[in-house]
Structures are given as structure tokens and as C-alpha cells.
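Worksheet: the structure to be examined is printed underneath.
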Amino acid sequence: MMVRIQVNQESCIGSGQCEMLEEETFVLDDDTGISQVVGTGLLPADRAEKVIDMCPGRAISLTET
Amino acid sequence: MSTAPTEAPLSPNVTDASLYLDGIPYDRFAEMRATPGLVWHDYHDGGFWAVTRHADVRTMSRDAEVFSSAVGHTNLWDLEADALEARRSLIDTDSPDHTRLRRLVARAFTPKNIRRWEDTVRVITAELLDEFVEKGQGDFVAEVAAPLPIRVILTMLGVPVEDAGYLVELSNFLVEGTGETQSIPPDAFGNTTELRLLPFNSPASHALFEYGEKMGEMRRNDPQDDLVTSLVQAEAEDGDRLSGSEYRNLFHLLVFAGNETTRTALSHGAMALADHPDQWQRVLDDPSLIESATEEVLRWSSPVMHMRRTTTKEVELAGTTLGAGEKVVMWYSSANRDDAVFDDPFAFDVGRQDNAHFSFGGGGPHLCLGAYLARLEIIVLLEEMAKRKLHLTRLGEPVRAPSNFVHGVLSVDMAVEARA
């Protein structure tokens, strides 16, 4: 199952964990160092769960659909 | 505000720094992990709740709103308000201050950007190992574990390498400051500041602040492509982003954390490899194990043994109800041996899978900034040792730091031999 994720820009601390785990979905902005979702933001549910769990700023969540 | 426990305390003692001269008191932690709820621990200026199980450390680490880093102190003892303010770094802040400070330095330490330093780390490591092999034996800490990380962090900061020795010396005095005694007088290094206003209550912090100021001044006048330049520019562009006190404390933190903790991991890693030759042989036979061996070295070493938080409101943890304003201490050294998570936790296993150690903290916003730098340094050390087929043998017991905070090794004599 695919799920869609989002980044809360307020709580992102710029650790880059998400960029390491899912480089096609997250990229740290060059200027701000804050994570951005690129592309569709869709991930398999298990991988989404992992990246949400690993985020130190608790900044990644599923979008409500 | 501190509520006394209803039942008689077990009176464990895991804070006496002299205990650590014989290593981490793992048996005491095992007893605390087996005790239901949280265990109350007496301490000089008021006790704390000891959090010793992996699951509870994890829960706490991830709830920074309830378990504050900005209130009281992140070390065991409380600080007066002015001291806390003067010493406040990334470690002792909550969001939004923490987020703002962290973002100023985070970019240099992302997994992706840390990879750019691999060649630098490799050159430094190779040089130190080759010198050590040529000597054949010596203190592994002085020969390899101390100089490696300090040279790397100083290169990143932009500090001249000839000052490395001085900064290692300062760092050793800082570790001492977490214990009960200081071997240097309060006015060492020309210090005139009250010790309680200095990180680790140490005059060495004054020296490190002063060094950082001098570096900052140099980079303000002559910007370079390094971390100090990016910090002083953040300070200059907009005073709201980084105050003078924040700069000093951040510089202090980067130097201290960038060398003391990784030095500890490398020292314990070397001892573990010497003490478990079968495990090192596994790595030599199959270098693809270096990644899991690195995580095992991290779990094994628990470089930072605890961090303290203070509750901002009433909360229940592990069945114990905590009031607001209570001290709660997460013992990573205990979580890293919790058999609820790790099979055979006292076995050093370079092939260990799903190694959810807490040597970089239990998750949450205070996750170690330098985690990927530390990993890189351990990986490269293991790779370069494997490439040379180096075997380490212990020549004696380590001299451990008398600290309940950093699992430090001051020296450990070893023989090194390249076996073809």
C-alpha cells in the first residue's frame, strides 16, 4: 500500500535522516537546510513508517486523505 | 515539588564517579531494569528518577515537550538560572531555540554531507595507524583514539592542526569536571569566571571559550570555507540567529563532543577487538561486516552514559507517576545492555542485526549531531585496520576516567602487529 507523507517545516531540525533513507522523496533545501518533499510524496507504507519513526524532529507525518 | 517515593528506595548508587574506575556498574543497572516502574535515586541536591530500560528511554527521548532539556540542567545537578543561561548550548535547549541553533550547524553534519569528509578521515587514520604500527606498541588512546577525532573536527572547524594537543588537554580537564574533583585550580588558564558559570564547572571551559573567541575573530576578518566561518556569519547576518554566548557554547560543544565521545568509542572498540579476536577475525574474513561491527562498537562503548531531563508537567512513565519539575535521568549505558531488546547483550557480536543502540541518544530532537561523523570515523578505522590486517593485543588494564557521564578511557596500552 502506498501512503503520502508531508514535512512540517516548523519542527524539521535538518538532520538529513530522511534524505539518507529516502533520497528520491526528501531533499534538504540548499538555503534553509530544511527537508522538502520532492515528487509525489508517495511511499510504501512500511518505508513511510520507518522514515517517520527515524525523524528526530518528529516532523514527518502521513497526509490526511 | 519533588515527590518522595512511597516505598523505601532501593538506594542504588550509579552516580559515584569512583565506581566507574572499574567500568560501568552493569549489575546495578540490571537490578534497576528488573525493578518495576522507575527507580528513585538519591543525589546531592535532590534525587532523580532513573530510567534504565530501553523502551522507557525511547519514550522519554521522543517526548521533548514533557521531558525538557532547557529546565534545570541536562546533567545530574541543578544549575542556578544565571549559570544555566551562561552555559546554555544546543544540549540545554528546547524548541524553538533548539531548532534555530540546530539548523545553524545541522547541514554540516547530515549523512550526505559527512560523506565528503571520508578522504580526510582516511588520510588522518592511515597516518596515525602507520605511526602506531611502526612503534609496535603504546597507548592506543594517545596514539590513535584521541588524535583521530580531534584532528577531524578541527579540520571541519578550520582550527590549525598544531593546536590539537592543547584542545585535547582542555577536553580531558572537562571530563574531569563531571566527577567530584578537579586537578587544576579555579584560576587555571587565567580564568577569573566563577566556575559555576562554566560548562563542566571547569576552568578549561574558560580556555576553550577564549580559544573559540579568538578563532571567531580571525574568521570574521578573514572568512574561510569552514564551520567557524559559517557560525560567525550566522552571528553577523542577524544577531537574533546566534548570540555571542550561543556562539561560545556551540564552539565549546563541537570541540568537546567532536573529540571526547568518539575517542571513547574508538578506545572501547579497540579493546573489544583485542579482547574478542574471534570477532575481529570475522571482520577480516568478511569486510562487509564493518557496518554492523561499527554499530556494535557504538553499543558496546556507550560513550555518553546518561542525559537528564526535567518534567514540565505531570506524566506517567513505566507505571510511575511523575510530578512537574522532577529530574529524570536516561541511562543509555543501561539501555544498551537491555536483554528485552538485545539478544545476549553482554556478547560483543560484530554481526549483530537491528542494533537499536542508544549511543546517539534514544531518538527525538537531541539525537547526536555528530552521529554520522562518529560512524564514519569508526568505519574508516576498521577499514584501514582490516586493510593492514592489524591485530591488537592488550598489554594491561585501561585507566578509566572517574566520571559517571563520559565512559572515558584515559589510556590503554596495546601492542599492534600487522599479520599478512
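The values are calculated or read from the model by the stated rules, or taken from the named source; none is laboratory data. A quick note: this is a predicted structure, and the numbers were derived from the prediction, not measured. Cβ: placed from backbone, ideal geometry, glycine included. Neighbour counts: every protein chain shown.
Answer yes if at least one residue in the range B:151-166 is more than 14 Å from chain A (Cβ to nearest Cβ) and among the aromatic types (Phe, Trp, Tyr), and no otherwise.
Yes, the range B:151-166 contains at least one residue that is more than 14 Å from chain A (Cβ to nearest Cβ) and among the aromatic types (Phe, Trp, Tyr).
Among what's in the range B:131-182 and is outside any helix (DSSP H, G or I) and polar (S, T, N, Q), pick the residue that is modelled with the lowest pLDDT.
B:THR178
Tell me which residues, restricted to the range B:85-105, are of a type outside the set (Asp, Glu) and either without any contact (Cβ under 8 Å) to a residue 40 or more places away in the chain or closer than 19 Å to B:GLU65 by Cβ (or both).
B:ARG88, B:LEU90, B:ILE91, B:THR93, B:SER95, B:PRO96, B:HIS98, B:THR99, B:ARG100, B:LEU101, B:ARG102, B:ARG103
Looking at the structure I just gave you, is A:GLY39 under 18 Å from B:LEU369 (Cβ atoms), in contact (Cβ under 8 Å) with a residue 12 or more places away in the chain and either within 11 Å of chain B (Cβ to nearest Cβ) or assigned to a loop (DSSP other than H, G, I, E, B) (or both)?
Considered against the rule, which asks whether it is under 18 Å from B:LEU369 (Cβ atoms), in contact (Cβ under 8 Å) with a residue 12 or more places away in the chain and either within 11 Å of chain B (Cβ to nearest Cβ) or assigned to a loop (DSSP other than H, G, I, E, B) (or both), A:GLY39 comes out as no.
Might you check whether a residue that is away from chain B (no Cβ under 13 Å) and not small (Gly, Ala, Ser) occurs anywhere in the range A:27-36?
yes
Report every pair of residues separated by at least 6 positions or lying on different chains whose Cβ atoms are under 9 Å apart, first residue within the range B:61-78 and touching a residue at least 40 places away in the same chain (Cβ under 8 Å), second surrounded by fewer than 19 Cβ atoms within 10 Å (Cβ to Cβ) and among the aromatic types (Phe, Trp, Tyr).
Listed by first residue and then by second, the contacts come to B:LEU76/B:TYR43.
How many residues are assigned to a helix (DSSP H, G or I) and either under 22 Å from B:LEU90 (Cα atoms) or within 15 Å of the chain's Cα centre (by Cα) (or both) when one looks only at the range B:296-333?
Within the range B:296-333, residues that are assigned to a helix (DSSP H, G or I) and either under 22 Å from B:LEU90 (Cα atoms) or within 15 Å of the chain's Cα centre (by Cα) (or both) number 7.
Condition first: surrounded by 22 or more Cβ atoms within 10 Å (Cβ to Cβ), more than 14 Å from chain A (Cβ to nearest Cβ) and aliphatic (A, V, I, L, M). Now tell me which residues in the range B:338-373 satisfy that.
Of everything in the range B:338-373, just one residue is surrounded by 22 or more Cβ atoms within 10 Å (Cβ to Cβ), more than 14 Å from chain A (Cβ to nearest Cβ) and aliphatic (A, V, I, L, M), namely B:VAL350.
Return only the number of the condition from (1) closer than 26 Å to B:PHE360 by Cα; (2) surrounded by fewer than 16 Cβ atoms within 10 Å (Cβ to Cβ); (3) within 13 Å of chain B (Cβ to nearest Cβ) that A:SER61 does not satisfy.
(3)
Answer yes or no: is there a residue in the range B:111-119 that is at pLDDT 90 or above, part of a helix (DSSP H, G or I), within 21 Å of the chain's Cα centre (by Cα) and of a type in the set (A, V, I, L, M, F, W, C).
Yes, the range B:111-119 contains a residue that is at pLDDT 90 or above, part of a helix (DSSP H, G or I), within 21 Å of the chain's Cα centre (by Cα) and of a type in the set (A, V, I, L, M, F, W, C).
Kindly evaluate A:ILE13 against the criterion of being in contact (Cβ under 8 Å) with a residue 24 or more places away in the chain, in contact with a helix residue (DSSP H, G or I) (Cβ under 6 Å, 6 or more places away or on another chain), of a type in the set (Val, Ile, Thr) and more than 19 Å from B:GLY363 (Cα to Cα).
In short, no.
Can you tell me which of (1) surrounded by fewer than 20 Cβ atoms within 10 Å (Cβ to Cβ); (2) modelled with pLDDT under 90 is the one B:ARG220 doesn't meet?
(2)
What helices (runs of 4 or more DSSP H) completely inside the range B:22-109 contain at least 2 residues that are buried (at least 19 other Cβ atoms within 10 Å of the Cβ) and within 14 Å of another protein chain (Cβ to nearest Cβ)?
Answer list for the range B:22-109: B:54-61, B:97-106.
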